[in-house]
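Single-structure report; data block below.
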Amino acid sequence: MKSMSRVLILILAVSFALMFLANRLNSSQGYTSGNTLTIYNWGDYIDPELLDRFQEETGITVIYQTFDSNEAMLTKIEQGGTTFDVAVPSDYAIEKMREEDLLIPLDHDKIPNMANIDPKFLNLSFDPDNQYSMPYFWGTLGVVYNPNLTDLTFKSWADLWDPSLRNDILLTDGAREVIGTGLASLGYSLNETNEEHLQQALNKLNELSPNVKAIVGDEIKLLLANGEAAAGLVFSGDASEIMSENEELDYVVPEEGSNLYFDNMVVPKTAQNVDGAMQFINFMLDPEVNAQNTEYVGYSTPNDAALGLLPEDISGDERFYPPDSLTEQLEVYENLGKKMLVHYNELFLQFKMNGA
């Protein structure tokens, strides 16, 4: 009887130990419990000092995870295996999440710093009345180029096809961005669904293949900064970071127009700390916090109050805060539906297999 009691005690001790370990593992994988907040954001897209400051001011422990594409983010949130309290998707992904009932409506009364946002960045088509999202950063898609390696100034998308750029262009690894470049070069919409136009864009891109050195992810920033290619297709925020490492480089949005994108903060339906999420969103919209984050990240801020706190060489740089005459030529990616997005990915894969 005594030995049986000892066995029972041992079993209970092991069980409690396993339960404790499981809870710790769940926490490390993004499950929020107690006074924690799990944030899902793009890589290198926030000043780490601000996460520390938020934790100190609120007493909320932050668990921070990153993704490298809207599609990867959507898949993980749709699966529901990991709980996130705040995520930062792009415009068309927000529209998709809204349509699929993956988001919790925001309590605007708990986000008074919403008043700091420039009205032109509110009430956009992907989230009317900002019922589900708050602006984080915005930017454009364009070309970073090295004047020491090319005489071209990339006023037009057609310049990418110049024979002098053979094996000297880097492309960001994104289907919408690359297929969109082919479409824009032909004067078509970035949200094209006409199959004939899409095939024309693919054929046009295949003609670009001899000029493409590589299709890469985040490493495109280091490669361009180090002069490994004459030009690269990048987002404006990445361009800002690249140019801070190599001041001889320049950035331009071709005159035919390009992508205007928005990354907004949302609260996924599976969030376990909704109040903490509202606190974090409001914190990030504070002018001083937002200005610090903008200087660190390099993307354009939609926060009008923060813009006034930034140095003139940032707030007055028309490459990253373009005039209305250019932004009118830009398009926001629309949610084209799962079937069409799969098709875009198929076309992109065909382009890659063709030798890009």
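Is it true that some residue in region 198-218 is under 30 Å from Phe67 (Cβ atoms), buried (at least 17 other Cβ atoms within 10 Å of the Cβ) and within 19 Å of the chain's Cα centre (by Cα)? Among the residues of region 198-218, at least one is under 30 Å from Phe67 (Cβ atoms), buried (at least 17 other Cβ atoms within 10 Å of the Cβ) and within 19 Å of the chain's Cα centre (by Cα), which makes the answer yes. Restricting Thr83, Thr61, Thr66 to residues that are farther than 28 Å from Pro287 by Cα and in the same structural domain as Ile46 (by TED's automatic domain parsing) narrows the list to Thr83. Number of residues in region 337-347 that are out of contact with any Asp or Glu (no Cβ under 9 Å at 6 or more places or on another chain) and either in a helix (DSSP H, G or I) or crowded, with 17+ Cβ neighbours inside 10 Å (or both) equals 7.
Considering only region 257-269, I want to know if a residue exists there that is surrounded by fewer than 22 Cβ atoms within 10 Å (Cβ to Cβ), more than 15 Å from the chain's Cα centre (by Cα), closer than 30 Å to Thr83 by Cβ and touching a residue at least 60 places away in the same chain (Cβ under 8 Å). Yes, because at least one residue in region 257-269 is surrounded by fewer than 22 Cβ atoms within 10 Å (Cβ to Cβ), more than 15 Å from the chain's Cα centre (by Cα), closer than 30 Å to Thr83 by Cβ and touching a residue at least 60 places away in the same chain (Cβ under 8 Å).
Looking only at residues in region 165-190 that are of a type in the set (Gly, Ala, Ser) and assigned to a helix (DSSP H, G or I), the one that is farthest from the chain's Cα centre (by Cα) is Ser185.
Of the strands (runs of 3 or more DSSP E) contained entirely in region 198-253, those carrying at least 3 residues that are aliphatic (A, V, I, L, M) and either at pLDDT below 95 or within 22 Å of Phe320 (Cβ to Cβ) (or both) fall at 231-235. Among the residues of region 72-105, those that are exposed (fewer than 15 other Cβ atoms within 10 Å of the Cβ) and not hydrophobic (A, V, I, L, M, F, W, C) comprise Thr75, Glu78, Gln79, Gly80, Gly81, Glu99, Glu100, Asp101, Pro105.
The values are calculated or read from the model by the stated rules, or taken from the named source; none is laboratory data. This structure is a prediction, so every number in the text was calculated from the model and none was measured. In this analysis, Cβ positions are derived from the backbone assuming ideal geometry, glycine residues included, and neighbour counts consider all displayed protein chains.
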